[in-house]
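Take a look at the structure set out below.
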């Protein structure tokens with residue numbers, strides 16, 4: 001990947017990149033065991049646009065990269081790791097959310113009225129709130145993206161992550177998501193991209209291998225399925241960030257080991 005001219009930066013926007021990504025993803029098909037695919041870029045475009053335009057302008061030192069939406073986070077709000085309560089109360093984003101074309105009866109979309117909480121999102125954005133106090137201070141240095149915007153579900157409602165898709169489906173999906181990540185990174189010009197978990201780190205390394213100026217690293221994923229994360233994700237993530245040379249002095253300490 002190349003850092004292109006300032007002209008491309010002027011004509012691109014994060015929302016524009018996501019609009020193009022949305023169109024490219026429409027051409028993909030996924031088979032069993034996946035029975036339902038949600039694309040919040042389609043039905044949750046309004047809060048996503050607010051997030052990208054409110055907090056995504058300008059360059060950023062650090063990009064935190066997630067894997068794909070959780071059913072109770074970005075799937076509901078359009079915001080990466082977007083637990084509805086924290087997105088509404090801390091990020092101050094709330095906008096109408098529609099419905100996916102084919103809705104799973106066990107995974108309904110309620111948007112900001114959803115009663116379910118996204119634990120990974122509570123941990124990630126809760127850390128940002130506790131450490132930086134205001135969104136503006138957090139976004140001075142950081143931005144949060146997801147590598148893949150699609151949610152994959154099986155007939156039972158079980159979530160299927162992108163790495164578990166058949167190779168014939170993964171290849172075209174990853175090609176599209178790689179190009180979108182490259183465009184976002186070109187626009188944000190971070191010095192380091194930090195994968196939230198191993199999958200995101202590996203995809204960042206593959207997609208950004210042509211740009212040696214950008215460092216790639218990883219922090220522990222905040223999933224409740226991770227015993228390490230359940231033992232105190234905020235402290236573990238800060239150790240990972242500091243190990244990557246990201247200094248957090250000058251901001252408040254997390255209030256709790258989430």
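Percent antiparallel among DSSP beta bridges with both residues in the range 6-243, to the nearest 5? Show your work: numbers first, answer last.
Numbers: 5 of 19 bridges.
Given both bridge residues lie in the range 6-243, the antiparallel proportion sits at roughly 25 percent.
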ask   = Ranked by Cβ crowding within 10 angstrom, fewest neighbours first, how are 17, 176 ordered?
value = 176, 17
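Rounded if a/c is under 1.5, else prolate if a/b is larger than b/c, else oblate: which is the range 106-258, with a ≥ b ≥ c the root eigenvalues of its Cα gyration tensor? List each step's numbers first, then the result.
On the way: a/c = 1.75, a/b = 1.12, b/c = 1.56.
Note, shape of the range 106-258 comes out oblate.
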inquiry  = Modelling each spin label as a point 7 Å along the Cα-to-Cβ direction, I'd like the residue 102/residue 167 distance in nm, to one decimal.
reply    = 2.6
remark   = So for the range 6-110, using the alpha carbon gyration tensor with a ≥ b ≥ c as root eigenvalues (a/c under 1.5 gives rounded; past that, a/b versus b/c decides prolate or oblate), I'd call it oblate
Cα shape, the range 6-243, gyration tensor, a/c 1.5 rule = rounded
query = Which of 189, 226, 13 moves the most in a Gaussian network model of the chain with Cα springs under 10 Å?
reply = 226
request  = Give the order of 19, 148, 177 when sorted by the count of other beta carbons within 10 angstrom, beginning with the fewest.
outcome  = 19, 177, 148
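Bear in mind these aren't lab numbers, they're just calculated from the coordinates by the rules spelled out. None of the values given here were measured: they were computed from a predicted structure. So basically every Cβ, Gly included, is an ideal-geometry build from the backbone, and we count neighbours across all protein chains shown.
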